[in-house]
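Read the structure below first, then the notes.
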Amino acid sequence: MKGMPVTLTYHGESHCISEWARRLGVCRQTLWSRYNLGWKTERLLTTPVPAPRPVRPKPEIAPSIFAPHIPGPAILIGGQWVPAHVWLESMEGRPRGTDTPQTVSKQ
C-alpha cells in the first residue's frame, strides 16, 4: 500500500527504509528502488552503491571576448578560432572524419 512505512529486518535490527538509508549512508531512493525491484533484504542493504559516472565536459564555447571578430559559430582548430562556414567550405569533397575540430560552437 502506498504511503505505508516499510520495515526491513536484517541481523535482528528492524528499521524503516529511510532509517536504513541514514545508517548506511546511502540515498533513500536507492533503497526504495531496490525494494520496488523485489530485491531480498540482505542484497538490498549490503550491495554497494556504484561510483557515480564521470561528467562529460561540455564543449568549449567561444566567448565573444576571444573571437569578437567572428560572427556566428566558430570552431577551435589548432588553437585558432575559425568561422564554422570557413571550416565547412574547406571540408567539401573530403571523406567524413578526416579533419574534425577540437571544439565546436560559438553561439
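Of the residues making up region 41-59, those that are in a loop (DSSP other than H, G, I, E, B), surrounded by 10 or more Cβ atoms within 10 Å (Cβ to Cβ) and not β-branched (Val, Ile, Thr) number 1.
Against the numbered list (1) surrounded by 12 or more Cβ atoms within 10 Å (Cβ to Cβ); (2) among the aliphatic types (A, V, I, L, M); (3) at pLDDT 85 or above, Met91 comes up short only at (3).
The values are calculated or read from the model by the stated rules, or taken from the named source; none is laboratory data. Just so it is clear, the model here is predicted, and its values are computed rather than measured. Note: ideal-geometry Cβ built from the backbone for every residue, glycine included; neighbour counts use all protein chains shown.
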